[in-house]
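Written below as structure tokens is the structure these notes are about.
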Amino acid sequence: MRVPLLRTVPLSPKELAPPQHPLERLPEEWAEVLVAWGQPKYRGVQVFRWIHQRGIFDAEQMTDLPKALRQKLREEGLDGSLPVSAARGSMATDRTRKLLVRLHDGKDVETVLIPQLEKDPDVEDEDRDADRGVGLRPSDTVTQCISSQVGCAMGCMFCASGVAGLQRHLSTAEIVGQVLLGRATLEPQERLRNVVLMGMGEPLHNYDAVARTLVLLTHPDGIGLSTRRVTVSTSGLVPQIDRLGQDFGGQVALALSLHAVTDERRSSIMPINRKYPLAELVACLQRYPLPKRRRITLEYTLIAGVNDDPKDADKLADLMKRVPVKVNLIPMNPIAESDLNAPQWSGVERFAERLRSRGMTATVRKQRGNDVDAACGQLALYGPGGERSARTRRLPVTK
């Protein structure tokens, strides 16, 4: 069978869904617009840089543009900024911040800024426990978790994002706008290094908007993130995973929310598994065009009495023996709509060590932002006053 060549160049504008907002235009698309206005092509890169590299939406501040062009940009309406209707900073020492972002139609989504952890030089190595986060401190390098939908249609039983169901997709401008907003709120010494599409929504369910987002975030004249520093997380939409691999040549990091190792158990907590069962999903991961020395991340939320038995760890190792993966274990974070809970810490350690004994790379995600409901699985539909959406439902206990 002929193996297709991996894509090594970004998708061109013609391969993407057309832009619906000025914030969504690539430099080539800006050039087309500006030429039609009687401006030279090179102005397209200038406008793009002002918006994406510098985060400037006010045309009057674009000082290297002629006055007539700035007037025209004002008339078109450049503003893609998103207002923050509420902000919550973690009272813990990890400096996690959650922003409630107000969209043009009055709906809200959440984005989270999470400082990466580094070794605390005041703690001796023998006293450090990386799995528990002991002996680590927040650094000035920040990861931003962004949303791709208002709500979510996937209905995973351990996640609050889908509690109110899917209300609508976000546009590319609304997704990229979260990153521009997050970057603007950083402290002077902080820098944005990673963006993960792990917030509210299933990113691959909103594929066209997300694909254009990825091209914009990694454009060298814009925010300029490395493709290695942008992660798309999915619950397992097989056709869209294949499309992502084809469109981006495996360069964009992929994370799969797995969470169970049998079809019966996974279908009970993740309804998407009924459409794309494990055998089909694993085959999809095997053909994903990973570059050399890169691995797919498996997100595995440990739920007491559901998927935390050491035998599950053995099944996980067997299931993924032909897929280059690393496992990120996540003790379940509490959500108000579910009676499911994380196992005791001894159970988390036991599961991690069983995977490691089978030759797998396994890390335990540090619980970050629990006190502001910003941890994995906790993002839900809150109002500015902290109230839940009226459409929320209580998730059933699944054991």
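If we scan segment 135-143, do we find a residue that is at pLDDT 75 or above and acidic (Asp, Glu)?
Taking every residue of segment 135-143 in turn, at least one turns out to be at pLDDT 75 or above and acidic (Asp, Glu).
State which residue is most open to solvent (accessible area, probe 1.4 Å) when the search covers only segment 260-300 and only residues that are within 21 Å of the chain's Cα centre (by Cα), under 18 Å from ASP242 (Cα atoms) and not aliphatic (A, V, I, L, M).
Per the stated criteria, the residue is ARG295.
Would you check if there is a residue in segment 230-253 being part of a loop (DSSP other than H, G, I, E, B), surrounded by fewer than 18 Cβ atoms within 10 Å (Cβ to Cβ) and under 20 Å from the mean Cα position of the chain (by Cα)?
For segment 230-253, residues part of a loop (DSSP other than H, G, I, E, B), surrounded by fewer than 18 Cβ atoms within 10 Å (Cβ to Cβ) and under 20 Å from the mean Cα position of the chain (by Cα): absent.
Cβ-Cβ distance below 8 Å, separation of 6 or more or different chains: which pairs start in segment 188-210 with a residue that is of a type in the set (D, E, K, R) and at pLDDT 95 or above and end on one that is open to solvent by 60 Å² or more (accessible area, probe 1.4 Å) and in a strand (DSSP E or B)?
Once the first residue is of a type in the set (D, E, K, R) and at pLDDT 95 or above and sits in segment 188-210, its partners that are open to solvent by 60 Å² or more (accessible area, probe 1.4 Å) and in a strand (DSSP E or B) give GLU190/ASP140; ARG191/ASP140.
Looking at the structure I just gave you, is LEU285 out of contact with any Gly (no Cβ under 9 Å at 6 or more places or on another chain) and of a type in the set (A, V, I, L, M)?
Yes: the conditions hold for LEU285.
Filter segment 35-63 down to residues that are under 19 Å from GLU75 (Cβ atoms), open to solvent by less than 40 Å² (accessible area, probe 1.4 Å) and in a helix (DSSP H, G or I), then give me how many there are.
The number of residues fulfilling the criteria is 8.
Could you please find all residues in segment 175-229 being surrounded by fewer than 23 Cβ atoms within 10 Å (Cβ to Cβ) and of a type in the set (D, E, K, R)?
Matches in segment 175-229: ARG183, GLU187, GLU190, ARG191, ARG193, ASP208, ASP221, ARG228, ARG229.
Take the residues in segment 136-155 that are open to solvent by less than 20 Å² (accessible area, probe 1.4 Å) and not polar (S, T, N, Q); name whichever of them is farthest from GLY55 (Cα to Cα).
Restricting to residues being open to solvent by less than 20 Å² (accessible area, probe 1.4 Å) and not polar (S, T, N, Q), the top hit is GLY155.
Looking at ILE330, is it more than 24 Å from PRO239 (Cβ to Cβ), open to solvent by less than 70 Å² (accessible area, probe 1.4 Å) and β-branched (Val, Ile, Thr)?
Against the criterion (more than 24 Å from PRO239 (Cβ to Cβ), open to solvent by less than 70 Å² (accessible area, probe 1.4 Å) and β-branched (Val, Ile, Thr)), ILE330 qualifies.
Which residues, taken from segment 160-179, are part of a loop (DSSP other than H, G, I, E, B), farther than 20 Å from VAL238 by Cβ and hydrophobic (A, V, I, L, M, F, W, C)?
If the condition is that a residue be part of a loop (DSSP other than H, G, I, E, B), farther than 20 Å from VAL238 by Cβ and hydrophobic (A, V, I, L, M, F, W, C), then ALA160, VAL163, ALA164, LEU170 are the ones that fit.
Tell me which of these LEU319 doesn't satisfy, since it passes every other one: (1) open to solvent by 40 Å² or more (accessible area, probe 1.4 Å); (2) under 30 Å from SER12 (Cα atoms); (3) at pLDDT 95 or above; (4) of a type in the set (A, V, I, L, M).
Result: LEU319 fails condition (2) only.
Looking at segment 301-311, which of its residues are surrounded by fewer than 20 Cβ atoms within 10 Å (Cβ to Cβ) and not basic (Lys, Arg)?
Hits for segment 301-311 are ALA304, GLY305, ASP309, PRO310.
Can you pull out the residues in segment 301-329 that are assigned to a strand (DSSP E or B), over 21 Å from VAL252 (Cβ atoms) and in contact with an Asp or Glu (Cβ under 9 Å, 6 or more places away or on another chain)?
LEU302, LEU329
The values are calculated or read from the model by the stated rules, or taken from the named source; none is laboratory data. Quick caveat, the model's predicted, so the values are computed rather than measured. No Cβ is skipped: glycine too gets one built from the backbone with ideal geometry, and neighbour counts run over all protein chains shown. Note: areas computed on protein heavy atoms with side chains; ligands, DNA, RNA excluded. Shrake-Rupley method; radii C 1.70, N 1.55, O 1.52, S 1.80 Å.
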